[in-house]
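Here is the structure we will look at.
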Amino acid sequence: MNNELLRTPLHGLHVSNGGKMVPFAGYDMPLQYAPGILAEHNHTREHAGLFDVSHMGQVRIIPRNGNIEEAAKAFETLVPVDIVGLKQGRQRYALFTNENGGILDDLMVSNFGDWLYVVVNAACKTEDIERMRNALAASCIVEPLESRALLAVQGPEAAQVMARLLPETEEMRFMDARIMSLGGAEIFISRSGYTGEDGFEISIESIDAERLATLLMEQPEIKLIGLGARDSLRLEAGLCLYGSDLDTTTTPVEGALEWAMQKSRRAGGSRAGGFPGADIILEQLANGASRRRVGLKAEGRAPVRGGAPLFSSADSDSQIGTVTSGAFGPTIEGPVAMGYVTTDLAAPGTPLFAELRGKRVPVTVVPMPVVPSRFRR
Amino acid sequence: MTTYYTREHEWLRIEGDIAVVGITAHAAEELGELVFVEVKDAGTTLSQGDSAAVVESVKAASDIYAPVDGEIVESNTALGDDPALISNEPEGKGWIFRMRLSNPAQLDSLLDAEAYAALLA
């Protein structure tokens, strides 16, 4: 039944380690291993976890004239983000937008000196690559790095593990990106991740991926972690899951992602606008949007999950929002969720109600992240 | 004391006209660690196949169905503080609810331990 699913280069390692495999974005991926989601989540928060994120799309963007600024300028036509100002060796979060200001995908962009390194979501990568090829063809070569795996090492002990294996990583700060050599393999390494913890993401040729994963798993701090814990970790960290919390119907302002849009791309900036949906997004930056993504904490233990309608009172008939993703947060030992509400009800502390199985459950708007991030700034 | 099983991986232990209901070790294993359990209020009348309870893992919610017709008389309050009891002792302290049978003849259509084991095989 799963023979149409794609496999990452670490598929065999997941299976041999008891991974419970599930379909995710067209790939056969590990939901969890024997310890289970709770234990894997807690291990990542306390020690370090190894995640296979090889299903994500990795792309190299090479300016045809060798000038990185050409690539950066061209890339800025797709994102409301300052790419020209992204220094060599730095990484930045970005968003592909459409003509309506909706979000087509979220991504990471790194400047490696003479090329840009882009990581996009697995479910969007075909469209993303086509979009980049169409928009950048005149000035850039868009090269999907299909033969590379991507591993994430996340947790408070990730840095000591990487320092042991690769001492040069010690000088990296949050969102630094470097090309290094590890055991003879060229790696692209960034100090970043999607758990709210300090950590690294490492891109390596597929042929070397299992060797690196095995080396990492031999480190006493590290355990293999599945997608289930990745989801609860990112939720507690207030990070969006594209397709649930962000999609083509949500704008960056509605998504509370203003921080991802630097001054240079905003009204009055040196390269204001010039991205798809700029008129709508700039207008919303100036005047606000009618709804907004917020964090939600529920009373009790019942997880409030994606799709649950939100109301302003226990008996109101008019829905004021919807939960877009939610789970039980092992670190906060309670439900954690995010969703969209009308902007007048988006202030932290606002009491709301989520409807669960026909009952109204009290929830409160809370600042995100609900678990403080521990990035090494 | 007779224990029956369902194809939905529940067990029922019959005590007079009361059935104690839980999920099997196989189901507990499949669901993973549970973090929340909610049973329909005592007094709720259910038909076979109606949702009687919800158990939630970190990742997902799953319905527990009434294995036969009857009325919920009690839920296992110990699960409120420790839903992991279901994972740890699914066929013991991890029982989920007790229901009063209204149509005991339905028990005949359920599985015995041997038939349930064969279902898993």
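The values are calculated or read from the model by the stated rules, or taken from the named source; none is laboratory data. This is a predicted model, so every value here is computed, not measured. In this analysis, Cβ positions are derived from the backbone assuming ideal geometry, glycine residues included, and neighbour counts consider all displayed protein chains. With ligands, DNA and RNA removed, areas are computed over all heavy atoms of the protein, side chains included. Shrake-Rupley method; radii C 1.70, N 1.55, O 1.52, S 1.80 Å.
List of remarks:
- Complete set of residues in the range A:122-148 that are of a type in the set (A, V, I, L, M, F, W, C) and open to solvent by 70 Å² or more (accessible area, probe 1.4 Å): A:ALA123, A:ALA138, A:ILE141
- Scanning the range B:48-76 for residues that are over 26 Å from A:PHE328 (Cα atoms) and touching a Gly at 6+ places or on another chain (Cβ under 9 Å) gives B:GLN48, B:PRO67, B:GLU71, B:ILE72, B:VAL73.
- For the range A:172-179, the criterion of a residue being within 27 Å of A:PRO35 (Cβ to Cβ), away from every other protein chain (no Cβ under 14 Å) and touching a residue at least 24 places away in the same chain (Cβ under 8 Å) is satisfied by no position.
Listed here are the residues, each with its yes/no results for (1) farther than 14 Å from B:ILE18 by Cβ; (2) away from chain A (no Cβ under 13 Å); (3) touching a Ser or Thr at 6+ places or on another chain (Cβ under 8 Å); (4) in contact (Cβ under 8 Å) with a residue 40 or more places away in the chain.
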residue	(1), (2), (3), (4)
B:GLU38	yes, no, no, no
B:ALA61	yes, no, no, no
B:ASN76	no, yes, no, no
B:PRO83	yes, no, no, yes
B:LEU101	no, yes, no, yes
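- Residues in the range A:37-59 that are within 12 Å of chain B (Cβ to nearest Cβ) and surrounded by fewer than 20 Cβ atoms within 10 Å (Cβ to Cβ): A:ALA39, A:ASN42.
- Counting only residues that are polar (S, T, N, Q) and in contact (Cβ under 8 Å) with a residue 40 or more places away in the chain, the range A:1-34 holds 3 of them.
- Checking each residue in the range A:114-133 for being under 14 Å from the mean Cα position of the chain (by Cα) and closer than 12 Å to A:ARG60 by Cβ picks out A:VAL118, A:VAL119.
- Those strands (runs of 3 or more DSSP E) of the range A:215-315 in which at least 2 residues are surrounded by 22 or more Cβ atoms within 10 Å (Cβ to Cβ) and in contact (Cβ under 8 Å) with a residue 40 or more places away in the chain, considering only elements entirely within it, cover A:222-224, A:291-298.
- Taking (1) surrounded by fewer than 17 Cβ atoms within 10 Å (Cβ to Cβ); (2) outside any strand (DSSP E or B) in turn, A:PRO23 satisfies each apart from (2).
- Residue match in the range A:280-287 (condition: within 27 Å of A:PRO351 (Cβ to Cβ) and more than 19 Å from the chain's Cα centre (by Cα)): yes
- Whichever residue in the range A:19-36 is within 21 Å of A:SER206 (Cα to Cα) and small (Gly, Ala, Ser) and, among such residues, is farthest from the other protein chains (Cβ to nearest Cβ): A:GLY26
- Residue in the range A:90-100 that is among the β-branched types (Val, Ile, Thr), more than 23 Å from A:PHE275 (Cα to Cα) and open to solvent by less than 20 Å² (accessible area, probe 1.4 Å) present: no
- Candidate set: the range A:316-332, residues that are assigned to a loop (DSSP other than H, G, I, E, B) and more than 13 Å from chain B (Cβ to nearest Cβ); chosen: the one least open to solvent (accessible area, probe 1.4 Å): A:SER316
- Single match in A:LEU151, A:LEU165, A:LEU182 (criterion: in contact (Cβ under 8 Å) with a residue 12 or more places away in the chain and surrounded by fewer than 19 Cβ atoms within 10 Å (Cβ to Cβ)): A:LEU165
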